[in-house]
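Asks: Okay, here's the structure, questions in a sec.
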Amino acid sequence: MARERDGGGRSRRLGKHVLLIAFGVAMLYPLLWMVSSSVKPTELIFRDPSIWPTELDLRNYVDGWTALRHPFHFYLFNSAVIAVAAVIGNLLSCSLAAYAFARLEFPGRKLFFALMLSTLMLPIQVLIIPQYILFAQLDWINTDLPLIVPKFLAHDAFFIFLMVQFIRSLPRELGEAARIDGCGHFRIYSRIIMPLALPALATSALFTFIWTWNDFFSQLIFLTDPDIYTMPVALRSFMDGQGETAWGQLFAMSIVGLVPIFGFFLAGQRYLTQGVATTGFK
């Protein structure tokens with residue numbers, strides 16, 4: 001009987017692994033197909049839809065790098081500037097707001113926290129028009145400011161909530177002991193809470209970088225000058241409205257644009273797992 005149960009357990013585990021591998025292959029297939037298409041001649045991309053290229057052609061990377069108004073590293077640099085600034089802004093502003101909600105007692109705290117959480121239900125399509133009008137009146141259109149300044153104003157409620165959950169899990173006795181030693185709130189925040197909140201900060205930094213790097217809609221709305229295009233908006237330039245799309249070059253530069261995301265994710269994967277596991281999302 002024990003052998004039969006062991007055999008049944010192994011069969012179930014094997015079935016689960018086979019199912020997970022099948023789902024993984026299905027999810028990775030579009031990426032693998034894009035990688036394969038980036039090294040195919042353009043005329044073979046849709047004629048030969050397999051992921052095993054019969055003919056390698058690296059000219060898509062060479063031609064795509066210089067096909068636009070500026071070399072492609074110009075657009076990568078623009079995206080990097082905005083993404084890094086967004087990460088810094090979110091870590092500073094959201095952590096300060098999270099500390100206030102988690103540790104300070106002030107009138108209307110629960111109401112303001114509920115209002116902050118309610119903004120998570122507002123889609124970007126609802127907010128983009130009033131934002132555009134405001135930034136146009138400030139003469140910020142065609143600058144990086146609409147994409148950077150809101151990050152320094154605790155604009156992303158998701159990261160505030162993430163950090164609030166983490167800070168609430170820390171013992172209050174640490175702050176109380178520091179208060180007895182004469183520390184104010186800012187020193188408690190900077191010397192005690194933030195070092196302990198490294199997993200939550202790393203998780204917020206990772207998501208902020210990926211979301212900002214991949215953001216197409218907001219950057220398309222606020223950046224209309226080709227000289228300040230970011231990587232996602234520059235990729236759109238490979239698509240011609242008349243149907244003359246350089247698919248090979250588009251796929252090649254898309255792969256180049258994915259490299260920083262994979263690098264950033266691999267560097268912060270350990271902190272991401274630890275941060276999600278300790279902020280209430282279990």
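Asks: ALA205 fails exactly one of the following numbered conditions: (1) under 16 Å from the mean Cα position of the chain (by Cα); (2) without any contact (Cβ under 8 Å) to a residue 40 or more places away in the chain. What is the number of that condition?
Replies: ALA205 satisfies all of (1) under 16 Å from the mean Cα position of the chain (by Cα); (2) without any contact (Cβ under 8 Å) to a residue 40 or more places away in the chain except (2).
Asks: Next question, about the same structure. Looking only at residues that are modelled with pLDDT of 90 or more, touching a Phe, Trp or Tyr at 6+ places or on another chain (Cβ under 7 Å) and not small (Gly, Ala, Ser) in the range 49-87, which one is surrounded by the fewest Cβ atoms within 10 Å (Cβ to Cβ)?
Replies: Among those residues, the one meeting the criterion is PRO71.
Asks: Is it true that some residue in the range 126-137 is in contact (Cβ under 8 Å) with a residue 12 or more places away in the chain and surrounded by 18 or more Cβ atoms within 10 Å (Cβ to Cβ)?
Replies: yes
Asks: Then there's this: Just wondering, is there one or more residues in the range 146-162 that are farther than 27 Å from PRO195 by Cα, modelled with pLDDT of 90 or more and assigned by TED's automatic domain parsing to the domain that holds MET194?
Replies: So far as the range 146-162 goes, yes, one or more of its residues are farther than 27 Å from PRO195 by Cα, modelled with pLDDT of 90 or more and assigned by TED's automatic domain parsing to the domain that holds MET194.
Asks: Across the range 146-200, which residue is surrounded by the fewest Cβ atoms within 10 Å (Cβ to Cβ) among those that are among the small types (Gly, Ala, Ser) and touching a residue at least 12 places away in the same chain (Cβ under 8 Å)?
Replies: SER169
Asks: Could you please give the count of residues in the range 184-241 that are more than 28 Å from PHE72 (Cα to Cα) and aliphatic (A, V, I, L, M)?
Replies: The total comes to 10.
Asks: Looking at the range 46-77 only, could you name the residues that are within 13 Å of VAL35 (Cα to Cα), touching a residue at least 60 places away in the same chain (Cβ under 8 Å) and in a loop (DSSP other than H, G, I, E, B)?
Replies: ASP57
The values are calculated or read from the model by the stated rules, or taken from the named source; none is laboratory data. These numbers were taken from a predicted model, which means no experiment stands behind them. Cβ atoms come from the backbone with ideal geometry, glycine included; neighbour counts cover every protein chain shown.
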